[in-house]
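Chemist: Sharing a structure, written as C-alpha cells. Questions coming.
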C-alpha cells in the first residue's frame, strides 16, 4: 500500500491537490508539532498513525495505469 501511495504521488496524472494533501500529511507526521504531543503516552503517536493509515487508504483508492 505504501508503494502505491508513492506511485500516486509520483504519477503525472495525479491532480495537484491530491499531491499537496499527501505531502502535507507526510510533513505533519514528520513534524515535531502535533495535535497530540508525542510525550503523551499512547495517544501521542496515535494521531500520527491514524493520519498515515487514512492517507495510505485514501491514496490506494486512486487507480494508476501501469506502463
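All of the numbers you see were taken from the coordinates with simple rules; none came from a lab. Everything numeric here is computed off the predicted structure, so don't read it as measured data. Please note: Cβ atoms are built from the backbone with ideal geometry, for glycine as well, and neighbour counts cover all protein chains shown.
Chemist: Just want the ordering: 36, 56, 30, from fewest to most Cβ atoms lying within 10 Å of their own Cβ.
Modeler: Numbers: 36 13, 56 17, 30 8.
So the ranking, lowest neighbour count to highest, is 30, 36, 56.
Chemist: While we're on this one: For the chain, what is the mean residue ellipticity at 222 nm derived from helices alone (per DSSP H run of n ≥ 4: -39500 (n - 2.57); sum divided by total residues; nearest 500 deg cm²/dmol)?
Modeler: Roughly -20000 deg cm²/dmol at 222 nm, from the helical runs in the chain.
Chemist: From the P(r) of the chain, can you give the percent of Cα pairs sitting at distances over 13 Å?
Modeler: Working: 1413 of 2211 pairs.
Cα-Cα pairs in the chain separated by more than 13 Å: 64 percent.
Chemist: Sticking with this one: For the chain, find the longest principal axis of its Cα atoms and tell me its angle to the long axis of helix 16-30, 0 to 90°, nearest 10.
Modeler: On a 0 to 90 degree scale, this one is about 30.
Chemist: Once the Cβ-Cβ distance between residue 52 and residue 16 is put in as r, and R0 is 25 Å, what FRET efficiency do you end up with, to the nearest 0.05?
Modeler: Working: r = 21 Å, r/R0 = 0.86.
Efficiency for this residue pair is about 0.70.
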